[in-house]
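Trainee: Sharing a structure with you now.
The values are calculated or read from the model by the stated rules, or taken from the named source; none is laboratory data. Since the structure is predicted, the reported quantities are computational estimates derived from the model, not experimental observations. Glycine gets a Cβ as well: all are built from the backbone with ideal geometry, and neighbour counts include every protein chain shown. For accessibility, only protein heavy atoms count, side chains too; no ligands or nucleic acids. Shrake-Rupley method; radii C 1.70, N 1.55, O 1.52, S 1.80 Å.
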Amino acid sequence: MNLIDPALPIVRGQLDPQGRLVQADDRLSALNDRAGGGVGAPLAVPALARLARLAQRLGVLVSRAVVVAEGDEDIDMWVRAEPSATGVRLAITGWRPRRPWRGDMGGDRLADFVAVEGSWRFATDAALRLSHVSPEALARHGLDPQALLGQPLTRLFRLEEDRHGAVPMLGALAMRERLIDQPAELRGTGVKVTLCAAPLGDAMGGFAGIDGAVTERDAAPPAPAFAERLDAALRLPLGRIIAHADSIHAQAEGPLRQDYADYAADIASAGRHLLALVDDLVDLQAIERPDFRPAAEAIDLADVARRAAGLLQSRAAERRVRIDKPAPTEALPATGEFRRALQIMVNLIGNAVRYSPADAMVWVRGDIEDGRARVVVADQGKGIAAEDQARIFEKFERVDPSEPGGSGLGLYIARRLARAMGGDLTVDSAPGQGARFTFWLPGR
């Protein structure tokens with residue numbers, strides 16, 4: 001999908017290998033002159049010069065949104081910097097002046113904040129394929145959340161024109177801006193909705209997808225519960241903090257003092273910890289509702305274990321821990337909800353990796369016992385004393401709170417989910433002998 005409006009004029013420029021502006025269209029030339037530069041001199045607009053240096057250093061085309069300050073205005077633009085043997089070619093679209101942001105909670109910004117608190121949520125990857133949808137909301141309308149994951153955004157929403165005849169989402173995505181009011185319809189249901197969304201960035205500053213919220217227009221949405229409001233208020237700013245900190249740590253804009261790069265890594269790690277806590281609180285609220293019922297699907301618990309191990313392979317490699325997962329040919333037919341079973345396995349294997357010493361092994365073994373599918377996750381950590389083994393399944397409890405780790409909710413949520421699916425989660429451990437967590441589900 002081409003999100004750049006072809007009707008918008010393209011402003012072009014050419015830099016030589018030393019970063020000097022050798023040719024520019026009138027608008028770029030005038031902007032550069034006002035910044036103190038000129039033809040034949042180094043490009044004087046800092047944001048554009050940085051992007052050109054990045055493209056030249058990496059040797060690849062770099063394309064991203066840029067904001068240039070000029071006097072009392074900011075200029076939004078989308079810049080493509082393409083390196084070549086003769087320097088760097090610039091192509092700028094969406095050149096649009098606007099008033100700069102002010103640090104108050106004025107009407108526009110307040111509306112922006114409230115709009116994010118939609119009645120339910122969705123997210124996409126960089127190709128605008130759905131990576132998350134609120135399953136309870138879709139189930140209310142007879143839609144299958146699992147079937148929609150990985151599908152184009154337009155498979156779920158039919159985007160409508162606004163009163164001006166434009167499709168707001170296309171313009172917002174072209175400029176990598178926050179979207180406030182996109183009218184749409186849930187396909188196949190006739191339900192009218194309004195979308196708001198914000199773009200997500202990756203560590204290199206590229207487009208990584210969108211995080212959005214949906215308000216149903218046909219009926220007043222129920223007031224969001226505390227955890228849902230917390231999720232809506234925190235997820236977008238935390239995502240931005242993590243993305244920017246990762247970009248600084250990767251030194252994407254150029255060399256940086258190592259201690260500053262390390263600080264950025266710490267900021268990203270803290271952001272991920274807070275985001276995980278938000279996820280846990282939302283899950284906690286869901287599983288403690290009286291009407292909570294996981295789906296009863298036909299799943300392969302060995303396949304779930306392999307997928308979880310794959311998701312954690314990079315983290316394990318960083319800690320020099322090996323994961324011995326079930327063989328590709330092994331199958332453990334079971335009944336349960338795939339997403340929830342995967343959540344449990346990621347928690348168990350992730351804990352095993354976190355508490356294992358360097359050069360240790362985490363074993364993931366499965367079998368069928370008494371008609372039940374069972375997976376055992378065993379580690380070589382310091383183990384858990386008998387008096388602590390019941391406590392670790394309680395809310396906000398950890399064996400050693402002084403150690404780096406999660407929120408103390410993971411095992412509580414995992415056991416509640418296992419039991420809600422007709423199974424269970426148990427532990428067998430002793431100090432100095434590692435821990436063995438056993439997760440089982442009804443067979444099929």
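Trainee: Name the residue that is nearest to L130 (Cα to Cα), counting only residues in region 155-180 that are of a type in the set (D, E, K, R) and more than 22 Å from the chain's Cα centre (by Cα).
Mentor: R158
Trainee: Among the residues of region 200-252, write down those that are modelled with pLDDT of 60 or more, assigned to a helix (DSSP H, G or I), over 24 Å from A172 (Cβ atoms) and of a type in the set (G, A, S).
Mentor: A245
Trainee: Of the conditions (1) of a type in the set (A, V, I, L, M, F, W, C); (2) without any contact (Cβ under 8 Å) to a residue 60 or more places away in the chain; (3) surrounded by fewer than 17 Cβ atoms within 10 Å (Cβ to Cβ), F292 clears all except one; give me its number.
Mentor: (2)
Trainee: Looking at this structure, is V68 in contact (Cβ under 8 Å) with a residue 12 or more places away in the chain, surrounded by 13 or more Cβ atoms within 10 Å (Cβ to Cβ) and more than 27 Å from L256 (Cα to Cα)?
Mentor: For V68, the condition - in contact (Cβ under 8 Å) with a residue 12 or more places away in the chain, surrounded by 13 or more Cβ atoms within 10 Å (Cβ to Cβ) and more than 27 Å from L256 (Cα to Cα) - is not met.
Trainee: Any idea which residue in region 19-38 is nearest to the chain's Cα centre (by Cα), counting only those that are under 20 Å from L54 (Cβ atoms) and of a type in the set (G, A, S)?
Mentor: Result: G19.
Trainee: Here is a follow-up. From the list I75, I4, exactly one residue is modelled with pLDDT under 85 and part of a loop (DSSP other than H, G, I, E, B). Which is it?
Mentor: After ruling out the rest, the residue left standing is I4.
Trainee: Now for a separate question. Identify all residues within region 23-46 that are surrounded by fewer than 16 Cβ atoms within 10 Å (Cβ to Cβ) and either within 15 Å of E82 (Cα to Cα) or among the polar types (S, T, N, Q) (or both); write none if there are none.
Mentor: Residue satisfying the conditions is Q23 alone.
Residue-by-condition table, conditions (1) closer than 22 Å to S429 by Cα; (2) open to solvent by 30 Å² or more (accessible area, probe 1.4 Å); (3) in contact with a strand residue (DSSP E or B) (Cβ under 9 Å, 6 or more places away or on another chain):
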position: K325; (1), (2), (3): yes, yes, yes
position: T335; (1), (2), (3): no, yes, yes
position: G350; (1), (2), (3): yes, no, no
position: R354; (1), (2), (3): yes, yes, no
position: D359; (1), (2), (3): yes, yes, yes
position: W363; (1), (2), (3): yes, yes, yes
position: R374; (1), (2), (3): yes, yes, yes
position: D379; (1), (2), (3): yes, no, yes
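Trainee: What are the residues in region 30-45 that are assigned to a loop (DSSP other than H, G, I, E, B), within 12 Å of I75 (Cβ to Cβ) and either aromatic (F, W, Y) or modelled with pLDDT of 85 or more (or both), if any?
Mentor: Correct list: V45 only.
Trainee: Being under 30 Å from D291 (Cα atoms) and either β-branched (V, I, T) or loosely packed, with under 14 Cβ neighbours inside 10 Å (or both) is true for just one of I384, I344. Which residue is that?
Mentor: I344
Trainee: Further question on the same structure: Just one of R320, R272 is more than 17 Å from R372 (Cβ to Cβ), modelled with pLDDT under 90 and either open to solvent by 40 Å² or more (accessible area, probe 1.4 Å) or not in a helix (DSSP H, G or I) (or both); which is it?
Mentor: R272
Residues are listed down the side, and each one gets a yes or a no for (1) open to solvent by less than 30 Å² (accessible area, probe 1.4 Å); (2) over 17 Å from F207 (Cα atoms); (3) touching a residue at least 12 places away in the same chain (Cβ under 8 Å); (4) within 27 Å of the chain's Cα centre (by Cα):
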site	(1), (2), (3), (4)
R53	no, yes, yes, no
L61	no, no, yes, yes
V79	yes, no, yes, yes
S84	no, yes, no, no
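Trainee: If A360 satisfies all but one of (1) closer than 25 Å to D279 by Cα; (2) modelled with pLDDT of 90 or more, what's the number of the condition it fails?
Mentor: The failed condition is (1).
Trainee: Is at least one residue of region 354-375 polar (S, T, N, Q) and touching a Leu at 6+ places or on another chain (Cβ under 8 Å)?
Mentor: no
Trainee: Sticking with this one: Could you tell me which of the residues R27, R57 is basic (K, R), under 26 Å from Q251 (Cα atoms) and assigned to a helix (DSSP H, G or I)?
Mentor: Working: R27 fails: under 26 Å from Q251 (Cα atoms).
Sole residue among the options that is basic (K, R), under 26 Å from Q251 (Cα atoms) and assigned to a helix (DSSP H, G or I): R57.
Trainee: Mind checking which residues of region 413-442 are open to solvent by 30 Å² or more (accessible area, probe 1.4 Å) and in contact (Cβ under 8 Å) with a residue 60 or more places away in the chain?
Mentor: R416, A420, G422, R436, W440, P442
Trainee: Out of curiosity, is L195 at pLDDT 85 or above and either under 28 Å from A296 (Cα atoms) or among the β-branched types (V, I, T) (or both)?
Mentor: Taking the combined requirement at face value, the residue does not satisfy it.
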